[in-house]
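The values are calculated or read from the model by the stated rules, or taken from the named source; none is laboratory data. Being a predicted model, the structure only gives us computed values, none of them experimental. With ideal geometry, Cβ positions are generated from the backbone for all residues, glycine too; neighbour counts draw on all protein chains shown.
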Amino acid sequence: MSTLTRRAKRVGLSQEERLVWLAIFMLIAGCSRTNTSPDLLTEINRIRAIDNHAHPVRFVANGADRDFDALPVDNMEPQSDPVQLRPNDSGTLLAWRMLWNYPYDDSNAQHMREWKTRKEHVQKEKAKGYPEWILDKAGIDIMLANRVHMGSSIEPPRFRWVPYVDALMFPLDNSQLAGKNSDRKAFFADEDSVRQQYLREAGLDSPPKTLDEYLRLVVTPALERQKQGGAIAEKFEAAYLRSLSFDKVDRGPAEKVYATFSGRSAPPESEYKLLQDFLFRFIASECGRLGLVVHVHVMAGAGSYFDVQGTNPLLLESTFNDPELRQTKFVMLHGGWPFIHEIASLLTKPNVYLDYSAQSLLLPPATLGQNIREWLEWVPEKVLFGTDAYPYSDQLGWEESAWIAAKRGREALAIALGGMIRDGEISRDRALELARMVLRDNARSLYGFPE
Ligand SMILES: [Zn+2]
């Protein structure tokens, strides 16, 4: 006879039993208030994740690594930073404690030195194994490294390459676009230098005279080289530079704009857009042919001049509805915030996915949990985990941001799934299956990674 049936036969409860039941009741009530399920989170924490989007920095004994972004965002005009990006955010302190054994609960100037010393000590000790050690600390098995180049210490199989292709979309004189504001000025200077590098790699010192030559000699070879160099996806951060509304443009008008302005003056914006739109879809189509997934930055930010409206995911609908691009798989990075409902509606397109990188760093788990739940209730096999680990500041490096986003991203997932169990939408087994899908299996099947 079990203790439970024995207890049922008794008439009343002892004082001790009442207290035990009260404690259990309070635990359940507490869990449902925050929508978390501790044992679910424990299980989720055991799953080694695939991080769909991040910018890990190489271990370089002397000097610095600047290849972590084609458009580094550290020289922009000041903005009001979101709370969780501020240096005194509690997440940063927690990451310091967990990663560097930082012993204090504040970050005053004197203690800051202690943090730096401890961090540098770990870096020196782990040396080339340092980036992988960070992955282990964050429970990340594979991190997709969105970088201009890879290099020693950021290498397969733990790091997989996602290079940038925006520079190929802006082959003309960009001075007019760069003149809009100081952020664009810095961004286009960066893009111009990335494009120069693509030209050099094609054995050219100036752009070809015709669009046909440009596509044949520069664009396609650049994508093929990157594929050969280990790229599994290509990243567009076009939203930093223009709107995501890429119309379907015939080759004729695009050829005309290219031939008229290549190597000459800056084209009028409306004409330049025709060429950019054509190139975007051409590149996306080539990516489909080569088996490269296309990543698109879809989220507000970064920067005080960022065109938030221009990053509405619905602007990508005509691209996704292009029958000629159905071979191309697209991932909308960062879950489209603030357009989290709009982005959900696009997941029914057969070749469209999203990740929640950056939201995992910037939103509290309770808020992100609601977003994730909405997507999981719609098309769960298209939802991917991501961190957007990045060297945001001295205090919040790619290491700290990876750790924080991995922690919050998992807590948010537990909240989403816990809520779905509680409301009778799914079983606990299905919740764990969904957790594995989001953290690992969806990315594995998208990129063809082995078990
Ligand atoms: Zn990023």
* **Residue identified as surrounded by 16 or more Cβ atoms within 10 Å (Cβ to Cβ) and under 30 Å from K180 (Cα atoms) among S304, S357** => S357
* Name the residue, out of A366, A416, A402, A406, that is farther than 20 Å from G301 by Cβ, within 16 Å of the ligand (Cβ to nearest atom) and modelled with pLDDT of 95 or more. => A406
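To keep it simple, each residue is scored yes or no on (1) touching a strand residue (DSSP E or B) at 6+ places or on another chain (Cβ under 9 Å); (2) surrounded by 15 or more Cβ atoms within 10 Å (Cβ to Cβ); (3) in a helix (DSSP H, G or I).
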position	(1), (2), (3)
A167	no, yes, yes
P171	no, yes, no
Q176	no, yes, yes
F187	no, yes, yes
D192	no, yes, yes
S206	no, no, no
R216	no, no, yes
V219	no, yes, yes
A222	no, yes, yes
* To do: Hey, could you check region 129-153 for residues that are assigned to a loop (DSSP other than H, G, I, E, B) and of a type in the set (S, T, Y) and say which is nearest to the ligand (Cβ to nearest atom)?
  => S153
* To do: Name the single residue, out of those in region 245-272 being among the hydrophobic types (A, V, I, L, M, F, W, C) and farther than 16 Å from T210 by Cβ, that is surrounded by the most Cβ atoms within 10 Å (Cβ to Cβ).
  => F246
* Residues being over 13 Å from L413 (Cα atoms) and assigned to a helix (DSSP H, G or I): count how many of those fall in region 341-368. => 8
* Are there any pairs with C-beta distances below 7 angstrom linking a residue in region 405-430 that is of a type outside the set (V, I, T) to a residue that is loosely packed, with under 14 Cβ neighbours inside 10 Å and modelled with pLDDT under 95, with the two at least 6 apart or on different chains, and if so which? -> R422/S32
* Structure fact -> Within region 94-113, residues crowded, with 16+ Cβ neighbours inside 10 Å and touching a helix residue (DSSP H, G or I) at 6+ places or on another chain (Cβ under 9 Å) come out as L94, A95, W96, L99, W100, Y102, S107
* Pairs, please: C-beta under 7 Å, at least 6 apart or cross-chain, first residue among the aromatic types (F, W, Y) and buried (at least 18 other Cβ atoms within 10 Å of the Cβ) and in region 49-76, second outside any loop (DSSP other than H, G, I, E, B) and at pLDDT below 95? -> F59/Q123; F59/A127; F59/K128
